[in-house]
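Single-structure report; data block below.
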Amino acid sequence: MTRKLEELFDLPATPARQDAQEGHSELPVPAETMLAIDERIDKIDAALPGVRGLESTDREMDELADLAKASYSDLMDLGMQVDSRFASEIFGVASNMLGHAITAKTAKLDKKLKMIDLQLKKARLDQQTSDDPATPQAQGMVLNRNELLDRIMQATHEKPAKE
């Protein structure tokens with residue numbers, strides 16, 4: 001929370017802001033947690049070097065697409081200059097070249113989307129399987145409205161009023 005919001009709503013300063021104002025510079029995360037995070041980052045870094053050559057594949061796909069577009073352009077020019085009975089076959093080949101250019105670009109985009117999808121799945125899996133004891137655990141219950149109101153009423157009657 002920012003200082004201005006604290007002043008606006010007349011709230012006490014947050015502990016991090018109080019420490020900063022008093023000159024304390026303690027880490028908000030315990031050292032054990034930082035070590036566990038470092039170990040996880042090292043594991044991720046160790047797994048990533050196995051995937052190499054992604055940039056070269058992108059470059060190759062771009063080269064193939066450019067070559068196919070250039071061939072399409074050359075074939076279209078040739079088709080315009082030949083007799084009409086031969087032009088249809090040349091235009092068909094030109095169309096195939098343009099299709100190959102589109103396929104190369106699509107393959108490049110699909111590869112990038114799959115990599116992003118895999119990264120998101122890995123992040124989700126890491127989050128679900130975290131063994132961090134600081135992760136809060138909760139239990140849920142299915143209650144209807146009347147049961148919920150009864151529990152609230154019992155809770156308010158059991159607590160003595162502070163005066």
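The values are calculated or read from the model by the stated rules, or taken from the named source; none is laboratory data. Treat the numbers as computed from the prediction; the structure is a model and nothing was measured. Quick reminder, even Gly has a Cβ in these numbers, built from the backbone with ideal geometry, and neighbours come from all protein chains shown.
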Revision key, fill the gap. Among LEU75, LEU27, the single one that is farther than 30 Å from LYS122 by Cβ and either at pLDDT 85 or above or part of a loop (DSSP other than H, G, I, E, B) (or both) is LEU75
Check your understanding: Within the range 53-67, can one find any residue that is at pLDDT below 85, within 33 Å of the chain's Cα centre (by Cα) and not in a helix (DSSP H, G or I)?
Key -> yes
Practice item. Among residues belonging to the range 6-24 that are under 33 Å from the mean Cα position of the chain (by Cα) and at pLDDT 70 or above, point out the one that is farthest from ASP126 (Cα to Cα). Key: GLU6
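Confirm whether ASP110 is surrounded by 10 or more Cβ atoms within 10 Å (Cβ to Cβ), under 15 Å from ASP62 (Cβ atoms) and among the acidic types (Asp, Glu).
Judged against the criteria, ASP110 is a match.
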